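A short write-up of the structure that comes next.
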Amino acid sequence: MDDQIINLSPDFQPLESVEDVEEFYQAISREKLTHKLSPDRPYCYWTIETYDKANGIRGGGGLGVLAADMRRVAEQLQVPFVLVTPFYPWESHQKMVNLEQIDYHTEINYRDFGFSFVDKIRIKTATTSVELDVVEKKMGSSRFLCVTEPNFGELYSGESGSDHRLYQEVALGFGGYQALKIVGLRPAVIQLNEVATFFAAVARLDELVSSGMDFYEAVVYTRKHTLYTNHTLVQAAEATFHYSQFEQYVFPNIKSTAVKRWLSDKFTDGTIRLSTPTVEIAELRSGVSKLHARVANYRDINGTKIKFKSVTNGIHMRTWTLPEIMNYYYEHGILDRFDLPATPNFEENVSKITADDIRELKMTGRKRLNEILANRTDQYGNPVHIPENAILFDFKRRFVDYKRPWLPFSNPERLASILEKHNAHYILAGRVHMGDTTMFNKLMDLLHVIDRNPILKERVHYLPDYDEELGLALSLGANSSINTPIVGLEACGTSWMKDIANMGLLISTHDGGVADMPADNYLTISGKTEAEECEELYRQMEVAADAWNNDFDLEYWIHKELIAYLDIISGTRMMRDYLNYLF
Ligand SMILES: *Cc1c(COP(=O)(O)O)cnc(C)c1O
């Protein structure tokens, strides 16, 4: 299986000298960051999910991709950085049998991915204790610091309010904090990637208080150095835990009675949502796009609405962009060596990109895509090859309701006629979360709609087991990608960033990070009803297909997209925004 995995980031060219790093820090910050961050006082990023298969950790979606990209950007820019995350000994996969998704599991050993054993730690429960391995892998200025044990399970195993989930979160928070101390590090700042990592902040608070600091001083100190990044829109959707679960799994790991009391006070009617104490222990709070930071509806324990600073997600560009396109951006004064838009002539230089260059680069991307597709199979178990001269649309996302993967199939005849008229193919890649029977059935229905229509059967390919390899491949080789979240429900999304970086035409509703910029910068799907949106989607698919045969239109849209979004897409921009917010 592993030889199918492509290395997503083979050609790191980290900044070469100390002067380079200083220049980057100066370019992004008013102050010299080297005084605040150092190898033994790093930026510590806690996450329950990481998506970095080349390093053995498979995630579930955007939250994990973001964490992996943060580390890659830190490595490239020589920011001292620790990613604290579980190493899951099991991972889930999907395959198709008779047009039905079947889940299966594989076992993963950290030693196969260059991790080394550091030490053992213990997490307590009311009745017993669990021994976990601390393992690490250093990569430049960054490192993975992981906790793991054979029964840790897989990502998101168990219901979201379950004992096992709480155990995983406790092990990551308290265990990860112990791990940090074992390897001799003190956090300069702690970033909590969603509330599942809350216990890292509790571990820090508990350490300060039990080593003699006044409780209120310790709270102030922890608050000042903790950033909570929210990815969810509605607080009510968050799982709750019971007091008895905390007695079993959480309190045994806290030394200070003051900290236990503080945490107990956050329960209402015997239950707790982790966001409630998280917003109290993190003075810094961010949302992942402008729209999301504005609309995320969270309240503190007094009922006051929480303000989130927006730091829109970015991607590690060298991981997700065709190397030929990256070189093109460097050589044509579009990106600088930090992967930020190059000054002073960025817009002018983008405007000089020609349709011929775009088509040639896309052709190279299509070849890469086909190489990867040769190792994968469609819903019938057959490999897929997209002809070089065909237009390719793609929809690649987790199959969750709000992303509406079925929307383009609302009118199968209409879709078939568009694909046939433009000699176009359509790749649908996704995975249904285990236990999501609604989406499981919707996917099966969709596959039967495709099966019944001979044109769709020839031109629509469903690829199961969606992962980062497919995500990358499709961004490289598709002409146009389709992104249809119900407006207001996507926190940011990053797939669309991979598509724009690779000179694809984005067809999207105006949501998530896409809505950071006005809607006339890409092929927008608007409409008051789903039927209207669907009509717009079909119209924009025709616009996109036509544009690939019209130099003026192709240049117009690619220039618009790149000028509007390259800065947002750049993971360096994201790191700069976080560093500026944190320090
Ligand atoms: C990029 C990527 C994502 C992010 O997807 P969004 O739907 O844009 O949030 C999720 N999963 C994989 C495998 C990816 O490569």
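The values are calculated or read from the model by the stated rules, or taken from the named source; none is laboratory data. The structure displayed is predicted, hence computed values, not measured ones. Please note: Cβ atoms are built from the backbone with ideal geometry, for glycine as well, and neighbour counts cover all protein chains shown. What goes into the accessible areas is simple: the full protein's heavy atoms, side chains included, and nothing from ligands, DNA or RNA. Shrake-Rupley method; radii C 1.70, N 1.55, O 1.52, S 1.80 Å.
The angle between the Cα long axis of helix 215-224 and the longest principal axis of the Cα atoms of the chain comes to about 20 degrees, rounded to the nearest 10.
Within the accessible area of region 320-570, what % is carbon and sulfur when the probe is 1.4 Å and the other protein chains stay in place?
The value for region 320-570 is 51 percent carbon and sulfur by accessible area.
Coupling constants for region 93-101 follow from the phi torsions by the Karplus curve (6.51 cos²θ - 1.76 cosθ + 1.60, θ = phi - 60°), and in residue order they are 9, 10, 9, 9, 10, 6, 6, 10, 6 Hz; glycine and proline get x. Normalising the average separation of contacting C-alpha pairs (under 8 angstrom, six or more residues apart) by the number of residues puts the relative contact order of region 273-324 at 34 percent. Per residue, the chain exposes an accessible area of 38 Å² to a 1.4 Å probe, with every protein chain left in place. Of the cross-linked pairs LYS362/LYS403; LYS181/LYS266; LYS95/LYS457; LYS396/LYS457, those separated by over 23 Å at the C-alpha level are LYS362/LYS403; LYS181/LYS266. Using R0 = 35 Å, the C-beta based FRET efficiency linking VAL183 and ASP300 works out to 0.55. Taking packing as the residue-averaged number of other Cβ atoms within 10 angstrom, the listed peptides 76-87, 380-391 run from highest to lowest as 76-87, 380-391. When both bridge partners sit in region 320-570, DSSP labels roughly 5% of those beta bridges antiparallel.
Region 472-491 and region 349-414 have Cα centres spaced 10 Å apart. If you sort the three axes of the alpha carbon gyration tensor as a ≥ b ≥ c, you get a/c under 1.5 for region 43-311, which makes it rounded.
Less than 5 angstrom separates the built amide H of ALA429 from those of PHE395, LYS396, ARG397, LEU463, all sequence-distant by 5 or more or on a different chain.
With each label modelled as a point 7 angstrom along the Cα→C-beta vector, the HIS433-ARG414 pair spans 3.0 nm. In order along region 327-334, the phi-based Karplus estimate (6.51 cos²θ - 1.76 cosθ + 1.60, θ = phi - 60°) of 3J(HN,Hα) comes to 4, 4, 4, 5, 5, 9, x, 9 Hz; Gly and Pro are listed as x.
Counting only DSSP beta bridges whose two residues both lie in the chain, roughly 40 percent are antiparallel.
Here's the list of aspartates and glutamates a cross-link from LYS120 could span, going by alpha-carbon distance under 16 Å and ignoring same-chain residues fewer than 8 apart: GLU131, ASP133, GLU136, GLU149.
With a Förster radius of 30 Å applied to the beta-carbon distance between GLN94 and THR271, the computed FRET efficiency rounds to 0.35.
With every protein chain in place and a 1.4 angstrom probe, the accessible-area ranking of MET444, MET497, largest first, reads MET444, MET497.
Extension gain, ASP103 to SER211: 0.36 nm times the residue separation minus the Cα-Cα distance gives 34.1 nm. Remark: relative contact order (the chain) = 14 percent; criterion is Cα-Cα distance under 8 angstrom and separation of 6 or more residues. Evaluating 6.51 cos²θ - 1.76 cosθ + 1.60 at θ = phi - 60° for every residue in region 408-413, the Karplus couplings come out as x, 9, 4, 10, x, 5 Hz, glycine and proline recorded as x.
Rounded is the label for region 417-547, because the ratio a/c of its alpha-carbon gyration tensor axes (a ≥ b ≥ c) stays below 1.5. Each label was represented as a point 7 Å from its Cα along the Cα-to-Cβ direction; for ASN151 and SER264 these points are 2.8 nm apart. A 1.4 Å probe, protein heavy atoms only, puts the accessible area of SER116 near 60 Å². Ordered by 1.4 Å accessible area with all protein chains kept, HIS242, HIS35, HIS292, HIS448 run largest first as HIS35, HIS242, HIS448, HIS292. Would you calculate the separation in nanometres between label points at ASP336 and ASP553, each defined as 7 Å from the Cα along the Cα-to-beta-carbon direction? Simple spin-label model gives 3.7 nm for this pair.
Report, as a whole number in µm² per second, the diffusion coefficient that Stokes-Einstein gives for the chain at 20 °C and 1.002 mPa s using the Kirkwood radius over alpha carbon pairs.
87 µm²/s
In what order, largest first, do THR377, THR319 sit by accessible area if the probe radius is 1.4 Å?
The most accessible residue leads, giving THR377, THR319.
Only helices enter the 222 nm calculation for the chain: every DSSP H run of n ≥ 4 contributes -39,500 (n - 2.57), and dividing by all residues gives -11000 deg cm²/dmol, rounded to 500.
For SER244, the solvent-accessible surface with a 1.4 Å probe is about 70 Å², rounded to the nearest 10.
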